[in-house]
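S.K.: Quick one: structure below, then a few questions.
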Amino acid sequence: MWIAIFGLYKIFNRMWHEPPFRALILLEMVLLGVGMVFYHRVEGWSWLDAAYFCVVTAATVGYGDFHPVTPYGKLFTIFYIILGVAMLGIFIQIAGKTALENLQHNVERREAKKKERQP
């Protein structure tokens with residue numbers, strides 16, 4: 001288990017140095033903030049409930065315990081889901097690219113060590 005956690009840490013650390021990843025984190029925070037303010041004001045939810053709904057919706061989990069009841073809330077949620085899924089797709093693409101680069105780097109390093117050992 002610790003090996004998996006260490007591997008995820010290395011991938012996240014490497015992704016953090018990618019400007020698109022940092023921009024994506026910033027955009028996700030803005031989306032979360034806008035969603036929280038919207039649901040707090042329009043739907044009348046508490047800040048915690050609004051944050052919970054935004055995270056669950058953006059993560060495409062959708063427990064169904066909260067849902068918008070106003071027409072504006074439903075319309076906003078449509079766009080919120082579309083943006084959330086798009087950002088999730090971009091995150092997966094960046095993570096996959098970073099993991100592949102990390103794997104290629106490890107393979108190249110191992111091949112270089114093998115060449116050093118050979119007479």
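Any read-out appearing in this document is the output of simple, stated calculations on the displayed coordinates, not a laboratory observation. The structure displayed is predicted, hence computed values, not measured ones. FYI the Cβ positions are ideal-geometry reconstructions off the backbone, even for glycines, and counts take in every protein chain you see.
S.K.: Express in nm, to one decimal, how much length is gained between Val42 and Tyr63 on full extension, taking 0.36 nm for each residue of separation and deducting their alpha carbon distance. Spell out each step's value before the answer.
M.R.: Working: separation 21, 0.36 × 21 = 7.56 nm, distance 2.06 nm.
Length gained between Val42 and Tyr63: 5.5 nm.
S.K.: For an R0 of 25 angstrom, estimate the FRET efficiency from the Cβ-Cβ distance between Gln93 and Gln118 and round to the nearest 0.05.
M.R.: 0.10
S.K.: Calculated from the structure, Cα Rg over 2.2 N^0.38 Å equals which of (1) 2.03; (2) 1.49; (3) 0.95?
M.R.: Only one listed value fits the structure, namely (2).
S.K.: Please give the helix 47-58 orientation as an angle from the longest Cα principal axis of the chain, in degrees from 0 to 90, rounded to the nearest 10.
M.R.: Once rounded, the angle reads 50 degrees.
S.K.: Starting with the fewest neighbours, write out Lys115, Lys10, Lys74 ranked by other beta-carbon atoms found within 10 Å of each beta-carbon.
M.R.: Lys115, Lys74, Lys10
S.K.: Computed FRET efficiency, Cβ-Cβ of Arg110 and Val85, R0 41 Å: what is it to the nearest 0.05?
M.R.: 0.65
S.K.: To continue, here is another question. Show that you can apply the helix-only estimate: for the chain, add -39,500 (n - 2.57) for every DSSP H stretch of four or more residues, divide by all residues, and state [θ] at 222 nm to the nearest 500.
M.R.: Helix-only estimate at 222 nm: -29000 deg cm²/dmol.
S.K.: Continuing with this model, one more query. Any idea what the relative contact order of the chain is, in percent, if you count C-alpha pairs under 8 Å spaced at least 6 apart?
M.R.: With pairs under 8 Å counted, the relative contact order is 28 percent.
S.K.: Below 13 angstrom from the Cβ of Ala99, what's the summed charge of the other residues (Lys, Arg +1; Asp, Glu -1)?
M.R.: So the environment of Ala99 carries a net charge of +1.
S.K.: For segment 1-84, which chymotrypsin sites (Phe, Trp or Tyr not before Pro) pass both filters: DSSP loop (anything but H, G, I, E, B) and at most 10 other C-beta atoms within 10 Å?
M.R.: On the way: sites: Trp2, Phe6, Tyr9, Phe12, Trp16, Phe21, Phe38, Tyr39, Trp45, Trp47, Tyr52, Phe53, Tyr63, Phe66, Tyr72, Phe76, Phe79, Tyr80; in loops: Trp45, Tyr63, Phe66.
Loop-located and lightly packed - Tyr63.
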